[in-house]
Each structure stands twice: as structure tokens, then as C-alpha cells.
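Shown next, in C-alpha cells, is the structure this report addresses.
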Amino acid sequence: MRVSWGFDAHRLGGDPPVLLAGVVVDSGRGVLATSDGDLVAHAVADALLGAAGLGDLGAHFPSSDPRWEDADSMGLLTRVVDMCSQLDIRYLDVTVIAQEVRVAPHRTAIEEALAAVLGIDAELVSVKATTTDGMGAIGAGEGIAATAVVTAMTAATGASGGD
């Protein structure tokens, strides 16, 4: 069994919209990022890469490389899922940390989008949200962040029924 954690954060202020797992959650504001700034997709990708022992998102898709300018983050996540094909994903838990961007109305769509890319049932994906109660840059409405935790079996342990 492998457990891995991913994190991403972006400043608010870019061109709209704010995307979470490819779902438009705020059409009035955006994030500052090299790609489309989908921090949920980025956090999930980092968690998967960590579980597979393949480093992080920046090692594979560096922001300094012009090929990734305005990249579709869900497309990048799809590529990461392919890179991590040795993983049997058992569960994904995501937390979005934002003061003003609302997740609740979009929760089911985000869970379904992630499940589709990961090739797992939507019941195995949990998306939650919290605020920082006005503290720090996120609490001041200047940014947004996401964490992701994935549990997975590797092909080797899954095949042998390892611990």
C-alpha cells in the first residue's frame, strides 16, 4: 500500500475562470499560473507521482518550458495517470482551501471528473473545502490552494497480496 500527498497553490488574479478538476467553479476571477492553473489537477498529479516514486509535476512538466504555457491541467493529469499505470488507485481525498471560491455547488462534478480521469468509481473520490477564517493570503482572498491524498497498491504488491 502506498499513501502519497500532493499540494498546489496559486494567486488569484489571472484571467477567468477558476477551474477545479476541469470544472468551472468561478467565472468571475482566475488564477495566475503557467498552465490553466487547475490546482486540484496539479495536487492530484503530484500525489500520484509520489505514490509511483516518479518525483513531482514540475520534474515532468516544468513551468519554465514554453510547451506547458496555458496547458490543460486535466490533460496533464491524464498523462500522469498513464505514467503511473503500475498503481491500483484505491482512494482519493482532496481538500480545496479558499476563502471566497465556492466548491460545494460543484463537488459532485469535480468528483466525477477526477474519477473519470483516474479510472475509478466516483464513490472512491472525496472532495472537501475549507477556509482559513480570514487568516493569511488565502483568507484575504489573494489565493487558493488544494491538497490531495491518494492511497494505492503498486502492481507488485497488489499482485502478491502484499502488506
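Among the residues of segment 90-105, how many are in a strand (DSSP E or B), under 12 Å from Leu20 (Cα atoms) and over 15 Å from the mean Cα position of the chain (by Cα)?
The number of residues fulfilling the criteria is 0.
Looking at segment 78-86, can you tell me whether even one residue there is at pLDDT below 95, of a type in the set (D, E, K, R), in a helix (DSSP H, G or I) and under 24 Å from Leu32 (Cβ atoms)?
Within segment 78-86, none of the residues are at pLDDT below 95, of a type in the set (D, E, K, R), in a helix (DSSP H, G or I) and under 24 Å from Leu32 (Cβ atoms).
Give me a count of the residues in segment 52-92 that are within 25 Å of Val24 (Cβ to Cβ) and of a type in the set (Lys, Arg).
Count: 2.
Restricting the search to segment 20-38, which residues are at negative phi and part of a loop (DSSP other than H, G, I, E, B)?
Ser27, Gly28, Arg29, Gly30, Leu32, Ala33, Thr34, Ser35, Asp36, Asp38
With respect to Ala47, is the statement that it is surrounded by 16 or more Cβ atoms within 10 Å (Cβ to Cβ), touching a Lys or Arg at 6+ places or on another chain (Cβ under 7 Å) and of a type in the set (Gly, Ala, Ser) true?
no
Among what's in segment 136-153 and is under 17 Å from the mean Cα position of the chain (by Cα) and of a type outside the set (Val, Ile, Thr), pick the residue that is surrounded by the fewest Cβ atoms within 10 Å (Cβ to Cβ).
Result: Ala145.
Being within 17 Å of Asp70 (Cα to Cα) and out of contact with any strand residue (DSSP E or B) (no Cβ under 7 Å at 6 or more places or on another chain) is the filter here, so list the residues in segment 28-44 that pass it.
Listed by number, the residues that qualify are Thr34, Ser35, Ala41.
Of the numbered conditions (1) over 27 Å from Ala104 (Cβ atoms); (2) of a type in the set (Val, Ile, Thr); (3) buried (at least 24 other Cβ atoms within 10 Å of the Cβ), Thr34 fails exactly one; give the number of that condition.
Unmet condition: (3).
Can you tell me which residues in segment 106-135 are surrounded by 17 or more Cβ atoms within 10 Å (Cβ to Cβ), touching a helix residue (DSSP H, G or I) at 6+ places or on another chain (Cβ under 6 Å) and not in a helix (DSSP H, G or I)?
Selection gives Val125, Val127.
Please determine whether any residue of segment 57-64 is crowded, with 18+ Cβ neighbours inside 10 Å and not in a helix (DSSP H, G or I).
Yes, there is a match, as at least one residue in segment 57-64 is crowded, with 18+ Cβ neighbours inside 10 Å and not in a helix (DSSP H, G or I).
Looking only at segment 39-54, decide whether some residue is touching a Ser or Thr at 6+ places or on another chain (Cβ under 8 Å), over 19 Å from Arg2 (Cα atoms), assigned to a loop (DSSP other than H, G, I, E, B) and hydrophobic (A, V, I, L, M, F, W, C).
no
The values are calculated or read from the model by the stated rules, or taken from the named source; none is laboratory data. This is a predicted model, so every value here is computed, not measured. Positions of Cβ are generated from backbone atoms using ideal geometry, with glycine treated the same way; all protein chains shown enter the neighbour counts.
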